[in-house]
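Nothing in this text is a laboratory measurement; each read-out follows from the coordinates by a stated rule. All values reported here derive from a predicted model rather than from experimental measurement. Note that each Cβ is placed from the backbone with ideal geometry, even for glycine, and that neighbours are counted across all protein chains shown.
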Amino acid sequence: MIPAAPAGYKSGFAGIIGRPNVGKSTLMNQLVGQKIAITSPVAQTTRNRLRGILTTEEAQIIFVDTPGIHKPHHQLGKVLVHNAQLAIHSVDVLLFVVDASVPAGGGDRYIVDLLVNTQTPVILGLNKSDQQPPESQAQLDNTYTQLIEAKQWPIVKFSALTGEGVEALQQILIQHLEPGPYYYPPDLVTDQPERFIMGELIREQILLLTREEIPHSVAIAIDIVEEAPTITRVLATINVERDSQKGIVIGKGGSMLKEIGTAARQQIQKLIDGKVHLELFVKVQPKWRQSRTRLAELGYRVEE
């Protein structure tokens, strides 16, 4: 049961948008205090609009972490960008996250243009403040200040990695919310089922361990989850597009698949707080990113 919120309690939805790889998922994890979104050095890691839930004594914020907004090159990319753009109009406040360790670029300008006609309040978040060289800090910040010169958006500087400035960001977000109820039970940190998070944790290890060799042509299907008193058995299929990719994921003598499985199992054990037996299989699904049917089967649907 969801309890009644106290008088004057605030609640609402905050959309996190930005270019790929600016630290949106790291920020989501930092805000909710738990790993629910995968992170990797590879751009466009996030594929689904993942909701993270932060409940404090004064407010409940439901964060919507969106795929990085970029120029799509295949059907999957079109679905991701479409779903990210929908978030702009379906939340109470928008947090536009940029990578402040590098100057503002064309991708940032593209998103500013997308936001021109939105009625949703926007906050500009300068992330990666810990990675700014001290001698060029003001110069870097200025490129973003100039970018939104006519917008009068509040600017918050923080590091999603270290947590510095995140509490101040949280307070500014709460200021933009209206009084409202608990949308979710106060102890919940995400609305996604465990199976989805399990698949994401497996995909994260593939991105981390294979890097550029298997960029985005991999999708995970959780086939079986069997819970026993002492252990949870998980069977999952790693879908790739080509035989050569299957070879990379499996590795010589199965070494890469074993490494992926070991690392993913450790993450899943933290998620469910118990022992896990994980079995991984690799399947070739040619051109799955180009097929709307295959995308839907693998959980990538166009949101309305």
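Data overview
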{"item": "Order by protection proxy (mean Cβ within 10 Å, highest first), peptides 188-199, 249-260", "result": "188-199, 249-260"}
{"item": "Cβ-Cβ FRET estimate between GLU226 and ALA138, R0 fixed at 51 Å, reported to 0.05", "result": "0.35"}
{"item": "For region 184-192, Karplus couplings with θ = phi - 60° (6.51, -1.76, 1.60), whole Hz, Gly/Pro x", "result": "9, x, x, 8, 8, 10, 7, 9, 7"}
{"item": "Fewest-first ranking of PHE13, PHE63, PHE281, using other Cβ atoms within 10 Å as the exposure measure", "result": "PHE281, PHE13, PHE63"}
{"item": "Additional length obtainable on full extension of the chain from SER244 to GLN269, 0.36 nm per residue less Cα span", "result": "6.0 nm"}
{"item": "Environment charge of ILE174, counting only residues whose C-beta is closer than 12 Å and scoring Lys/Arg +1, Asp/Glu -1", "result": "-4"}
{"item": "Convex hull volume per residue for region 183-283, taking Cα atoms only, in Å³", "result": "111 Å³"}
{"item": "Karplus-derived 3J(HN,Hα), 6.51/-1.76/1.60, for each residue of region 133-145, Hz, glycine and proline x", "result": "x, x, 6, 10, 4, 5, 5, 5, 4, 5, 5, 7, 4"}
{"item": "Sequence-distant residues sharing a close amide H with THR120 (under 5 Å, placed H)", "result": "none"}
{"item": "Sorted by Cβ density within 10 Å, fewest first, the residues ASP108, ASP65, ASP141", "result": "ASP141, ASP108, ASP65"}
{"item": "Region 165-173 - phi-based ³J(HN,Hα) in whole Hz, Karplus 6.51/-1.76/1.60, Gly and Pro as x", "result": "x, 6, 5, 5, 4, 4, 5, 5, 4"}
{"item": "Spacing of the two label points (7 Å from each Cα toward its C-beta) at LYS283 and ASP187, in nm", "result": "3.6 nm"}
